[in-house]
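The values are calculated or read from the model by the stated rules, or taken from the named source; none is laboratory data. Because the structure is predicted, anything quoted here is derived from the model rather than measured. Here the Cβ is made from the backbone with ideal geometry for all residues, glycine too, and neighbour counts use every protein chain on show. For accessibility, only protein heavy atoms count, side chains too; no ligands or nucleic acids. Shrake-Rupley method; radii C 1.70, N 1.55, O 1.52, S 1.80 Å.
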Amino acid sequence: ANKNYALPLHDDNVKHALQLIQLIHKNRRQLKRYLHFYLKGNKNYVYDHPLTKQWIAAHPISSTDTWQKGIRFTKTHPELGKIQISVEDDPFEILRMGTYVGSCLGLGGINAFSAAAVMLDFNKRVLYARNNQRKVIARQLIAISEQNQLVCFSVYPIKVNATIKTFFRKYDRKLAEKLNVPLCSDDDYDIKNILSEDWYDDNAWNMKD
């Protein structure tokens, strides 16, 4: 099966992705198919997929480009220095969303299949907060619900600095404004599986906290 992949197997990104494939059952077939096309040069597999196009047509956000690329957001932390929060567009980095912060979405985690769902589904995104050395210090899952709301999930790791959480909250609000969609403020939402078969709903972050 490895002959389907164009990148060398000693590449850390490919190794991580293949490890994830071996460890998950849900979304395994979909992830293998995605990587097959991506590594053959089809970088727009998700966006160009007919099911993605159907979802976009049914969910009129102001800018699909903004949803894909996010907004510019940089803050200075008193101890950690300059922090940049951005939407991750590298699929291999998306797959590390649990591994970076030691959550259940990481390698060997009970919900590792959900990292694949975030990579596969256009309605889901991961935000990374990185320092000046480009090290990931926190992450957040966000999604567009079937009710056309921006649903923001908890920031990980759990014990992340409170100021970093404040940065994410500001990012979420600015992004919702840019997309012209409301922020989801309760648990009354539905998030569709577009190309994935399942994902782990960690419950929306209470934005009033």
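Taking a probe of 1.4 Å, how large is the accessible area per residue of the chain, in Å²?
Solvent-accessible surface per residue comes out at 51 Å².
Within a Cβ distance under 9 Å of Lys192, other residues only, what is the Lys/Arg minus Asp/Glu net charge?
With Lys, Arg at +1 and Asp, Glu at -1, the neighbours total -3.
Could you work out the helix-only [θ] at 222 nm for the chain, with each DSSP H run of four or more residues adding -39,500 (n - 2.57) and the total divided by the number of residues, to the nearest 500 deg cm²/dmol?
The helix contribution divided over the chain gives -10000 deg cm²/dmol.
Lys/Arg Cβ at +1, Asp/Glu Cβ at -1, dipole of the chain taken about the Cα centre: which of Ile94, Val136, Ile158 is farthest positive-ward?
The listed residue farthest towards the positive side: Val136.
How long is the gain from Leu80 to Lys178 if the chain were fully straight, where each residue apart is worth 0.36 nm and the alpha carbon distance is subtracted?
Stretched out fully, the Leu80 to Lys178 stretch lengthens by 32.5 nm.
Rank these by accessible area, largest first, 1.4 Å probe: His59, His36.
His36, His59
With just the Cα atoms defining each centre, how far is region 87-153 from region 33-47? Give it in Å.
Region 87-153 and region 33-47 have Cα centres spaced 19 Å from each other.
To the nearest 0.05, what FRET efficiency results for Gln22 and Asn44 with a Förster distance of 41 Å applied to their C-beta separation?
With a Förster radius of 41 Å, E is 0.95.
By the gyration tensor of its Cα atoms, with a ≥ b ≥ c the square roots of the eigenvalues, what is the shape of region 144-209: rounded for a/c under 1.5, prolate for a/b over b/c, or oblate?
oblate
Let me have the relative contact order for the chain, percent, based on Cα pairs under 8 Å that are six or more residues apart.
The normalised contact order for the chain reaches 21 percent.
Can you work out D for region 24-110 in µm² s⁻¹ from Stokes-Einstein, where Rh is the Kirkwood radius over C-alpha pairs, the temperature is 37 °C and the viscosity is 0.692 mPa s?
The estimated diffusion coefficient comes to 208 µm²/s.
Where the accessible area of the chain is counted over protein heavy atoms with a 1.4 Å probe, how much of it, in %, is carbon and sulfur?
Within the chain, the accessible surface is 45 percent carbon and sulfur.
Can you pull out the trypsin sites (Lys or Arg not before Pro) in region 141-209 that DSSP calls coil and that have at most 13 other Cβ atoms within 10 Å?
Sites meeting the loop and neighbour criteria: Lys159, Lys208.
Could you list the trypsin sites (Lys or Arg not before Pro) in region 49-107 that lie in coil according to DSSP, counting only those with at most 15 other Cβ atoms within 10 Å of their Cβ?
Arg72
Write down the Å³ per residue value for the convex hull defined by the alpha carbon atoms of region 115-169.
Here the figure is 94 Å³ per residue.
Within the chain, which DSSP H helices have Cα atoms that stretch 18 Å or more along the helix axis and a mean Kyte-Doolittle hydropathy of at least -1.0?
Both cut-offs are met by 162-179.
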